[in-house]
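Take this structure, written in structure tokens, and hold onto it; I'll ask about it next.
No lab work stands behind these numbers, since they all come straight from the coordinates. Fair warning: this is a prediction, and the values are worked out from it, not measured in the lab. Backbone-built Cβ (ideal geometry, glycine too); neighbour counts: all protein chains shown.
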Amino acid sequence: MAVLFYCWRISGGYNVSLPLLISVKTSQSSADFQYGGYYNIEAADDFGDTVVQWAKSAEIANIVYAKSGIGPSTKFLGVSYYKFNAQKMAPQYVEIKFQATNPQSGEKVAQALVAALKEKADLASQISGNIVFDVSGSQAISSKNQVNFILYGFLALIGGFLLAVFFVLLKLDN
């Protein structure tokens, strides 16, 4: 019964995935230098790690909540609903996943997240000088968070049966 209650509690909401593209623009000083594209990809790869860490930071979360007008809500047992899980998928591609209460709030949060990361990238570009980092995001993809009640119920039934057998054997041993 506890497993079914837990599944019911976690089944609400939407999973949101936000793809980000990271690019680097440099001013090439000489026509003889042919390897600028390679170094741009390397710089974007390194900057992708920075974007991943920014997305996981509390600073970006606070900026996103302020920009989107949606505060950090709690779903169950104090787990933050808008926790951003960022992962670098390729040298110039970062994917950020989070949960939202509905697709509209997920899209608002995604737009605010892209804007916050662009601001941080612009600031980093001002510090670096001639290298300009750009973070662009496409449309966020939302999917309903659904739990397989039959699978988890069956696993709970099997686990309960094995636990009951263990306790009966333990009791018979004494």
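Mind counting the residues in segment 154-169 that are among the small types (Gly, Ala, Ser) and loosely packed, with under 11 Cβ neighbours inside 10 Å?
Number of matching residues: 1.
With respect to residue 130, is the statement that it is among the polar types (S, T, N, Q), touching a residue at least 12 places away in the same chain (Cβ under 8 Å) and farther than 26 Å from residue 16 by Cβ true? Steps first, please.
Numbers: among the polar types (S, T, N, Q): yes; touching a residue at least 12 places away in the same chain (Cβ under 8 Å): yes; farther than 26 Å from residue 16 by Cβ: yes.
For residue 130, the condition - among the polar types (S, T, N, Q), touching a residue at least 12 places away in the same chain (Cβ under 8 Å) and farther than 26 Å from residue 16 by Cβ - is met.
Looking at segment 108-127, is at least one residue over 16 Å from residue 61 (Cβ atoms), of a type in the set (Ser, Thr, Tyr) and surrounded by fewer than 17 Cβ atoms within 10 Å (Cβ to Cβ)?
no
Mind checking which residues of segment 55-67 are in contact (Cβ under 8 Å) with a residue 60 or more places away in the chain and either surrounded by fewer than 19 Cβ atoms within 10 Å (Cβ to Cβ) or of a type in the set (Lys, Arg) (or both)?
Of the residues in segment 55-67, the ones in contact (Cβ under 8 Å) with a residue 60 or more places away in the chain are 55, 60.
Hits for segment 55-67: nothing passes.
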